[in-house]
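Scroll down for the structure; my scribbles are underneath it.
Any read-out appearing in this document is the output of simple, stated calculations on the displayed coordinates, not a laboratory observation. All values derive from a computational prediction rather than experimental measurement. Reconstructed Cβ throughout: ideal geometry from the backbone, glycine too, with neighbour counts over all protein chains shown.
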Amino acid sequence: MDYTITNGTLTVSAETLGAQLKEIRGAGGAQYLWPGQADIWGDRAPVLFPYVARLTGGEYTYRGNSYSLPIHGFASGAEFACEKTEDQLRFTLCDTPETRACYPFPFRFTVAYRLAGNTLTQEYTVENTGEETMWFGLGAHPGFRVPLEEGLDFTDYCLEFAPDVSPVRIGFTPQCFLSGEDTPYPLENGRLPLRHDLFDQDAIVLRDCGSQVTLRSAKGERAVKAEFAGIPFLGIWHQPNMAAPYVCIEPWCSLPSRQDVVEDLETQPTLLSLPAGERYVASVRFTFQ
């Protein structure tokens, strides 16, 4: 089921399946969110929980038992409950016998969307409702149209980072697992000019890249600024080996599996841990010009 909120400046729609955004529209009708197209990329803005990206063999272990999870976890295929107010959509997912079969932790996971002026805040709250520490991954995966305006091309756009950052690219193998070989990723005067072939080897995942990035063109007026304070990784992606007319800006709180390692959740680097009865909150702010 779809729900919509608007404040006269932005109109935002999201659905209970996966708590996924379906539309972000400006006051003049400008469409910012990629609408999904099956022959290019059918999703729009999946929510990544309780794992980000791939597990070796789709499996992990926890306290001697083996479990299976699909890429990016199960949240994107789960039905959430929704509460709507004038300026907020609040989607909630709790553990079930089905989730515990693949992820053995009691939890309450909430995805909230709030409007204020020309800014959309996407807030994630993970609550550990069990009696033992839980481990999890978490990330955003929204795709934005490129170009944002008629008459411009994909290559007219860049991603503009905060001044004086020195990003490091997380090393990935051809199979999209961690290689352990991270390398500096130089920018051009603080910018990453967009080209389709940037993604021929799949996603670019950065660390040490600051806490904001802006999708913009010097030839246009519309832009999307993402702010992700406290979130350590940023994925940038579109479907490889094609001229896909969008780019995903993906703040990640954690990273995927190492190549050929069946990870133990209690020891995998970068996973988040949450003690019993505690909550974890992360948010991403998107400002639309």
Note to self: In whole Å, what are the extents of the stretch 165-289 along the principal axes defined by its C-alpha atoms, from largest to smallest?
What the structure shows: 49, 35, 25
Notebook entry, point to check: A229 versus Y280, label points 7 Å from Cα toward the beta carbon: distance in nm?
Noted result: 2.0
Next item on the list: Calculate, in nm to one decimal, what T155 and T183 gain on full extension: separation in residues at 0.36 nm each, minus their alpha carbon distance.
Entry: 7.6 nm
Next item on the list: Give me the distance between the Cα centres of the stretch 104-145 and the stretch 192-246, rounded to whole Å.
Entry: 21
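For the stretch 216-285, run through the GluC sites (Glu not before Pro) and keep only the ones in DSSP coil with at most 15 other Cβ atoms within 10 Å of their Cβ. Before the final figure, lay out the partial values.
On the way: sites: E221, E227, E263, E266, E278; in loops: E221, E263, E266, E278.
Sites meeting the loop and neighbour criteria: E221, E266, E278.
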Notebook entry, point to check: Does a label point 7 Å from the Cα of T11, set along Cα-to-beta-carbon, have any residues of the stretch 63-106 with amide nitrogen under 20 Å, and which are they?
Noted result: 84-90
Note to self: What does the extension gain come out to for N241 and S66, with contour length at 0.36 nm per residue minus their alpha carbon separation?
What the structure shows: 59.5 nm
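Under the definition of Cα pairs under 8 Å and six or more residues apart, what whole-number percent is the relative contact order of the chain? Walk me through the numbers before you get to the answer.
Details: 742 pairs, mean separation 60.7, N = 289.
The normalised contact order for the chain reaches 21 percent.
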Check: Where the centroid of each part is defined by its Cα atoms, how far is the stretch 15-42 from the stretch 69-101 in Å?
Finding: 18
Margin query: Students often get this wrong, so try it: which of [x] 49; [y] 39; [z] 71 is percent of Cα pairs over 27 Å apart as calculated from the structure shown?
Written below: [y]
Checklist line | Model label zone, T121; criterion: amide N under 12 Å from point 7 Å along Cα-to-beta-carbon; scope the stretch 217-239 | finding: none
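At 0.36 nm per residue, and after removing the present C-alpha to C-alpha distance, how many nm does the segment from S273 to E83 gain when stretched out fully? Mind dumping the intermediate values first?
Numbers: separation 190, 0.36 × 190 = 68.40 nm, distance 2.74 nm.
Between S273 and E83, full extension yields 65.7 nm more.
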Check: Considering the zone a paramagnetic label at R100 would reach in this model (a point 7 Å from Cα along the Cα-to-Cβ line), which residues of the stretch 241-280 have amide N under 16 Å from it?
Finding: 277
